[in-house]
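Since every read-out is calculated from the coordinates, none of them should be taken as a lab result. Fair warning: this is a prediction, and the values are worked out from it, not measured in the lab. Cβ sites come from the backbone with ideal geometry, for glycine too, and all protein chains shown count toward neighbours.
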Amino acid sequence: MIIHTTGISGNQLRTITNIWLEANLDAHWFIDPDYWRNYSQEVQKAIADAELFIFEDCGEIKGFLGLDGQYIAGLFVNKPFRHQGIGRQLLGAAKRTYPELTLSVYEKNPIAHQFYLDEGFRETGRVLDNVTGEMAIEMAWQKSHNED
């Protein structure tokens, strides 16, 4: 089940922050792990107030998508539940809610880049992430008339 919400706290917030941290450590091997660990408290505060789509099954949070307006700040699935369509379902819920979505994905994360291409996103530019020193691919998706 996908829950669309804002303003989470307690165990939900801790679980989602842990999924965020573990997924970033797994996917972004090219960035110093301490960057993610040191940034997690700040991210937890942002997640607490963010607009979220949460995938929950049998009372367990298995993944989430976080938005800042129509910008996808992150899409993360807990490692044991990856490659089961949860990310696609979360992205689908966001696409049904918004007519346009944008995001950035690191150039060195080809799995995520291909996932978004497969989901109808197109590249709109490349920028250097000044914080990590890594190149990021900016992407956008727009609902087509035949998706209404």
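All alpha carbon pair distances within the chain were sorted into 10 Å bins beginning at 0; the resulting P(r) in whole percents reads 11, 42, 38, 9, 0. Taking a straight Cα-Cα cut-off under 25 Å and skipping sequence neighbours fewer than 8 places away in the same chain, the lysines within cross-link reach of Lys79 are Lys45, Lys62, Lys95, Lys108.
Using 0.36 nm per residue and subtracting the Cα-Cα separation, the extra length available between Ala46 and Thr6 on full extension is 13.3 nm.
Over the chain, calculate the relative contact order: mean separation of alpha carbon pairs under 8 Å at least 6 apart, over the residue count, as a percent.
Working: 220 pairs, mean separation 29.0, N = 148.
Over the chain, the number comes to 20 percent.
Taking the number of Cβ atoms within 10 Å of each Cβ as an exposure proxy, the fewest-first ranking of Val131, Val105 is Val131, Val105.
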